[in-house]
Amino acid sequence: FLGAGKPPMYGDYEAQRHWQEITYNLPIRQWYFNTSDNNLLYWGLDYPPLTAYHSFVCAYIAKLINPDWVALHTSRGYESRPHKLFMRTTVFVADLLVYIPAVILYCFSLKETSAKKKVSTCALCILLYPGLILIDHGHFQYPLSLGLALWAVLCLSHDWDLLGSMAFCLALNYKQMELYHSLPFFCYLLGKCFKKGLKGKGLVLLAKLAGTVLLSFAACWLPFGTDVEQIMQVLRRLFPIDRGLFEACMFSSPTHCPDKVANIWCSLSVLIKIKNVISPRTQLKLSFAVTFLSLLPACIKLTVQPSLRGFKFALVSCALSFFLFSFQVHEKSILLVSVPVCLVINEIPFMATWFLLVSTFSLLPLLLKDGLLLPYAVTTPAFLAVCLASFSILEKTSAEDLQLKAFSLSLKGYMSWFKSFPRIVRSLFLLSLALMGILSVLSAAAPPPQRLPDLFPVAVAVVSCLHFLLFLLYFNVVILWDSKNRGQKKIS
């Protein structure tokens, strides 16, 4: 694990263990406050209440096995083989109970994958996505928020809108980064209400959805709801905007350097030191404005023409906009884009596979610091091989296969090179693979120049960012030129 055996912070593994220590030993009113027993500078809780409740449940089980694992103060930095086995088991159980069933049931729900072989193929490709495996089981985090978001998508695909809303509220109350997916959920459900008519069934559905959201949030925040200062303190911990435009180096730790994130702000900082040129408040306003403008087209289209297919593509586009342009982005936030991409891998296998490979590559600096080079080198080619065998992705590069037929027809007569588009796309894909492979080898094996110690991590971030910008353009084109809403049930 990153930071294992290295005081004073010990790494993300210790963060999860420490939250168990705090939630088990301290009263709820102290969980998010700085006290003599809860030093917020030492992995203070900065996720919503459901994360804290989950930590408490894990701590209760840990206490039964070995009280030393969650002993207040004395357990700081605790590392042992039995405890690591316990912590890994808790992640596996979360996978087994929440994430994996959602993936399998989602694949069964796809009309295009009705055959058992196709269902298993789709599920296998999604479950073998290396980014999630490496972050959850290597960097150490729990997949519950992503799993709950998948359950929400699954419910909406069966028109269980209230259950879907509740599941997404739970996801949002587990990790605030689920805000990346919030606008597509809001716009899709609002669009359904408009389609049903706001003077009849639509108004009833809107009221039910509003009630479901309010009740779900009230249930999650109930222990904190009796005190306004409690609520405000939790919100301050969830959204520490004073840290600045980039993910903050709270502990001056080299393991969380903000300049390695593959988004637009970190990439631009190579040329322009944004932090030195623009004030923090202006940075916040600029980030908000660019993020809002980049996701606006997809959200408007989804609200006006709500469809399940459009909803899934909007999840990708909006999450990618947040990752590229929003405030304080962490490297692993790319998983919030990757999981929705997994949901459309059966529709656009070539582009989805390409994106998932790039997203894993963008995590390389973090994975190297975690000591996960070997797992990265094994899981990434294995994932590519499975996708090549399952979907024959190199044969799925025509404009129709890439969902660009309507767009290509609109450009007919203006761009003659569209006829050779499949060949161009395949060549770019192979060039991209070669570039990622070379940078991976250099990052792992070659010493950087003394004058440029961060050359390779920065190169990985910039190359990944350029890929993501092109992917954002691609997904928005697919959304905006989609007029058929194929395979969608009529909203009545």
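Annotations
- Which listed residue is within 24 Å of the chain's Cα centre (by Cα), at pLDDT below 90 and assigned by the TED database to the domain that holds LYS260, from LYS412, LYS369, LYS396, LYS405: LYS369
- Pair list, Cβ < 7 Å and 6+ apart or interchain, from the stretch 304-316 residues that are farther than 11 Å from GLU347 by Cβ to residues that are in a loop (DSSP other than H, G, I, E, B) and open to solvent by 10 Å² or more (accessible area, probe 1.4 Å): GLN305/ASN485; PRO306/ILE491; SER307/ASN485; SER307/GLN488; LEU308/GLN488; GLY310/ASP482; GLY310/ASN485
- Among residues of the stretch 232-269 being of a type in the set (Val, Ile, Thr) and open to solvent by 10 Å² or more (accessible area, probe 1.4 Å), the one that is modelled with the lowest pLDDT is THR255.
- Hits in the stretch 91-103 - residues which are in contact with a helix residue (DSSP H, G or I) (Cβ under 9 Å, 6 or more places away or on another chain) and surrounded by fewer than 17 Cβ atoms within 10 Å (Cβ to Cβ): PHE92, LEU97, PRO101
- The listed residue being aliphatic (A, V, I, L, M) and in contact (Cβ under 8 Å) with a residue 24 or more places away in the chain, out of ILE345, ILE272: ILE345
- Looking across ALA314, ALA352, ALA319, one residue alone is farther than 16 Å from GLN403 by Cβ, in a helix (DSSP H, G or I) and modelled with pLDDT of 95 or more. It is ALA319.
- Inter-residue pairs, beta-carbon under 9 Å, first at pLDDT below 95 and outside any helix (DSSP H, G or I) and in the stretch 282-302, second open to solvent by 70 Å² or more (accessible area, probe 1.4 Å) and of a type in the set (A, V, I, L, M), 6+ apart: none
- Helices (runs of 4 or more DSSP H) fully within the stretch 107-188 counting 2 or more residues that are in the same structural domain as HIS54 (by the TED database) and not polar (S, T, N, Q): 144-157, 161-172
- Condition broken by ALA171, with the remaining ones in (1) modelled with pLDDT under 95; (2) crowded, with 23+ Cβ neighbours inside 10 Å satisfied: (1)
The values are calculated or read from the model by the stated rules, or taken from the named source; none is laboratory data. No experiment lies behind these values; they were computed from the predicted model shown. Every residue, glycine among them, receives a Cβ derived from its backbone with ideal geometry; neighbour counts consider all protein chains shown. Each accessible area value is taken on the protein alone, full model and side chains, heavy atoms only, with ligands, DNA and RNA left out. Shrake-Rupley method; radii C 1.70, N 1.55, O 1.52, S 1.80 Å.
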